[in-house]
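Q: I am attaching a structure below and will ask some questions about it afterwards.
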Amino acid sequence: MRSFCCLLAFFICSLSFSQEGAGSCAQLQADPELYQSCATSIPFANSTQNNSGEAFQTTCIPTEFAGPTWFFILINQSGPIVLQVSQVSNNGNAADVDFVLWGPFSSLTGFCPQLTPANEVDCSYSASAIETVNFPNAISGEYYILVVDNFANVPGQISIAQSGGSGSSDCSFLSSV
């Protein structure tokens, strides 16, 4: 019984304090503290909502986002960072995922109009269920905006894990778990 109670408490805490993304850039910009992400390998729900009429020009994605999940990432330790973003459907099958990373920004005030190819750091539009995101020279205290697009538009989970680099993202928002 004790192990069941511990498991239930962990599950409730992880739901309450886990990372989650916004459905649009406007939603992220309006209340960014709700949508921080970091490289934790903790899976979270993807989006199957379209982008609510938002249009962003990128260097690699030629269409509107199919199911965007928006985050900000705060840099903790300076240095290059390599993230692996993966997506699976609810039945465990690999699902096509794409992304765009913009930055760096000194604050989270009014960033949506700044999400242009000129501020794009990395972008991928492939049929893969696993993508690699590169922050070539991240500096502590800088903010980045990451949209992970569920191009397959199937319900499922996204995972973000650090796979390389000497820098790191700030995961202190998860410490309350």
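The values are calculated or read from the model by the stated rules, or taken from the named source; none is laboratory data. The structure displayed is predicted, hence computed values, not measured ones. Ideal geometry is used to build each Cβ from the backbone, glycine not excepted, and the neighbour counts take in all protein chains shown. These area figures cover heavy atoms from the full protein model, side chains too; ligands, DNA and RNA do not enter into them. Shrake-Rupley method; radii C 1.70, N 1.55, O 1.52, S 1.80 Å.
Q: Within segment 102-122, work out how many residues are in contact (Cβ under 8 Å) with a residue 40 or more places away in the chain, out of contact with any helix residue (DSSP H, G or I) (no Cβ under 6 Å at 6 or more places or on another chain) and open to solvent by 30 Å² or more (accessible area, probe 1.4 Å).
A: 5
Q: Further question: If you go through segment 90-101 one residue at a time, how many are surrounded by 16 or more Cβ atoms within 10 Å (Cβ to Cβ) and in contact with a strand residue (DSSP E or B) (Cβ under 6 Å, 6 or more places away or on another chain)?
A: The total comes to 6.
Q: Could you check, for segment 70-89, whether at least one of its residues is free of Cβ contacts under 8 Å to residues at least 24 places away in the same chain, open to solvent by less than 60 Å² (accessible area, probe 1.4 Å) and out of contact with any Leu (no Cβ under 7 Å at 6 or more places or on another chain)?
A: no
Q: Any idea which of ASN93, ASN50, ASN134 is out of contact with any helix residue (DSSP H, G or I) (no Cβ under 9 Å at 6 or more places or on another chain) and within 19 Å of GLN27 (Cα to Cα)?
A: Criteria check complete, one pass: ASN50.
Q: Since PHE173 meets every condition but one in (1) more than 14 Å from the chain's Cα centre (by Cα); (2) not in a helix (DSSP H, G or I), which condition does it not meet?
A: The number of the failed condition is (2).
Q: I want to confirm something. Restricting to segment 52-69 and keeping residues that are free of Cβ contacts under 8 Å to residues at least 40 places away in the same chain and exposed (fewer than 13 other Cβ atoms within 10 Å of the Cβ), which single residue is farthest from GLY23 (Cα to Cα)?
A: Residue satisfying both the conditions and the ranking: THR63.
Q: Condition (residue is of a type outside the set (A, V, I, L, M, F, W, C) and free of Cβ contacts under 8 Å to residues at least 24 places away in the same chain) applied to segment 152-175: is it met by at least one residue?
A: There is at least one residue in segment 152-175 that is of a type outside the set (A, V, I, L, M, F, W, C) and free of Cβ contacts under 8 Å to residues at least 24 places away in the same chain.
Q: Kindly provide the set of residues from segment 56-83 that are within 15 Å of ASP98 (Cα to Cα) and not in a strand (DSSP E or B), ordered by number.
A: Once the filter is applied, which keeps residues that are within 15 Å of ASP98 (Cα to Cα) and not in a strand (DSSP E or B), segment 56-83 yields PHE56, GLN57, THR58, THR59, CYS60, ILE61, PRO62, THR63, GLU64, PHE65, ALA66, GLY67.
Q: Follow-up question, since we're still on this one. Got a sec? Which of GLY53, GLY103 is small (Gly, Ala, Ser) and in a loop (DSSP other than H, G, I, E, B)?
A: GLY53
Q: Restricting attention to segment 130-177, report how many residues are at pLDDT 95 or above, surrounded by fewer than 18 Cβ atoms within 10 Å (Cβ to Cβ) and among the hydrophobic types (A, V, I, L, M, F, W, C).
A: 2
Q: Listed residues ILE145, ILE73, ILE81, ILE130; which is among the aliphatic types (A, V, I, L, M), farther than 20 Å from SER41 by Cβ and in contact with a strand residue (DSSP E or B) (Cβ under 6 Å, 6 or more places away or on another chain)?
A: ILE145
Q: Residue under question is GLY141, and the condition is that it be more than 21 Å from ILE75 (Cβ to Cβ), small (Gly, Ala, Ser) and over 17 Å from the mean Cα position of the chain (by Cα); does it hold?
A: no
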